[in-house]
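Below is one structure, written out as structure tokens; comments come after it.
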Amino acid sequence: MKDSFVSVRMDENHPDWEQCIKRENSLYERGNGIRSEFERDYTRILHSESYRRLKYKTQVFFAPQNDHICTRIEHVGHVASVSRTIARHLGLNQELTEAIALGHDIGHAPFGHTGENILNSLMSISMSQNEGHNAPRKFWHERNSLFFADFIDTLADPDGNEKNLDLTYAVRDGLICHCGEIDEQGVKPRNEAMDLYKIRRPGIFSPYTWEGCVVKVSDKIAFLGRDIEDANTYHILDDTSTRELREIVSSTLGFNGKNERTQDAAQRSGRAVNTTTLINDLIVDLCENSSIEKGFCFSERYFNFLKELKTFCSSFIYKNWRLEKFSQYARTVLECLYDTLMKTSVYARNRTMHSCLNFARELNGTFTDWLIKYTAYDPAEKERRHYRTKEIFDIESNEGYEKCVIEYISGMTDRFAIKTFEEIISL
């Protein structure tokens, strides 16, 4: 129902307001009140390098040459749109949902979830403890989004000094708790604030705010229909899979009410799912069936439909032989980058990276800059470049150096990873 969540909206009247707008440090102050705290977070993320790079990071289809195939940045825009619509209708804080949605995937590796799995498999030893937290052994993008927001991404203050984003607790919490790939009904926020780096794996904690829960559910709403649309564009779906999809629509949604409109649109278009119609119907169904008492939930019919769609996408799209072939290529690329950079550890420790990687000038320059910005590699050069970042990687230890390499690779776009790989193998 409209405005049915106003009483739990995250604003100055909420008992957890001070906790939610809390910042660890201070990036800089503008000296005016034109923007709210969450609007400031939104623009900090918008201007960050990690957000910009999402336009060349895989959503499902790797390094797409077709300009109309969804990349990670478009997916983030879809989630922000869905989140904003739900929050506005239910009376929640739109600014908070939009900030979380905009930043929720800034920690994604190149090549999407395939790249995430590859980096995870490459991590042979536990992550470095030098960031001051008990880091988990595995690489997962939700936690990496928080890590990049806290320690990697920077903006220049009015004096030109590069400082970390220093986002509010509510936005940081939404980043690490956004996992929308777990099937659950009745999503509600958890009751207690916590050290976010004590979260060991995705999906085990709900967000701290209702607005964070909106993004968590919106993530699921946003991607399924678009993945199917892109699969059609790439001729991934054949007649058999298309018939299977139409049967799912028919058996789970039926032919009455708004479901009849969904089926009718599918028949006219020749496809079993129309992306915008699906998103609209899911938003309406969620808003009609959710309450503060029950949490965010769909009707049983639409909840079953979502599960059926996920199963379909897994079977007929994500495991398609063409994507699996590219997955093999992605592994070759990332393993090559990892092995090459791990071989340079002695040069990094001796502060002589400038004499290494002459065969890969792009890799040499960007990795050296990474070392200057986030390690004790060259303090004088760090000061000269106005980097006010912490030394978060101890490159004197094998564990710390590996963490440094993994995080550097995770920030790459698909095409930069491919470009530097081709530099390495070119003779």
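For the reader, a short list of remarks on this structure follows.
- Pairs of Cα atoms farther than 33 Å apart, the chain, %: 37
- The chain, dipole about Cα centre (Lys/Arg Cβ +1, Asp/Glu Cβ -1), debye to the nearest 20: 500
- Degrees between helix 94-103 axis and first principal axis of the chain (Cα, 0 to 90, nearest 10): 50
- The convex hull around the C-alpha trace of segment 271-335, projected and averaged over every direction, spans 6.8 square nanometres.
- Inter-label distance for R23 and K325, nm, one decimal - labels placed 7 Å from Cα along Cα-to-Cβ: 5.0
- All lysines inside 28 Å of K319 as judged from Cα atoms, apart from same-chain residues fewer than 8 positions distant: K55, K57, K138, K216, K220, K307, K310, K419
- Seen against the Cα atoms of the chain and their longest principal axis, helix 300-313 is set at about 50 degrees.
- Using all pairs of distinct alpha-carbon atoms, the Kirkwood hydrodynamic radius of segment 1-121 works out to 16.3 angstrom.
- In degrees, nearest ten, helix 37-46 long axis to first principal axis of the chain (Cα): 70
- Remark: relative contact order (the chain) = 20 percent; criterion is Cα-Cα distance under 8 angstrom and separation of 6 or more residues.
- With K and R counted +1 and D and E -1, the other residues having a Cβ less than 15 Å from that of R331 yield a net charge of -4.
- Accessible area per residue in Å² at 1.4 Å probe, computed on the chain: 43
- The fraction of accessible area contributed by carbon and sulfur in segment 140-252 is 43 percent, rounded to a whole number (1.4 Å probe; ligands and nucleic acids excluded).
- When K220, K138, K310 are compared by accessible area of protein heavy atoms, the largest-first order is K138, K310, K220, using a 1.4 Å probe.
- Note on segment 47-109: percent of Cα-Cα distances in each 10 Å bin, starting at 0 and stopping at the bin with the largest distance, equals 23, 45, 26, 6, 0.
- Straight-distance crosslink candidates among lysines, where the alpha carbon sits under 20 Å from K373 and sequence neighbours closer than 8 are dropped: K163, K382, K390, K403
- Candidate cross-link partners of K198 among the aspartates and glutamates, defined by an alpha-carbon separation under 14 Å and a same-chain spacing of 8 or more, comprise E131, E142, D173.
- Of the whole protein surface, R388 contributes about 90 Å² of accessible area at a 1.4 Å probe radius.
The values are calculated or read from the model by the stated rules, or taken from the named source; none is laboratory data. Computed from a prediction, not measured in an experiment: that's the story for all the values here. Here Cβ is always computed from backbone atoms with ideal geometry, including for glycine, and neighbour counts include all displayed protein chains. The protein model used for the area step is the full one, side chains on, heavy atoms only, and it has no ligands, DNA or RNA in it. Shrake-Rupley method; radii C 1.70, N 1.55, O 1.52, S 1.80 Å.
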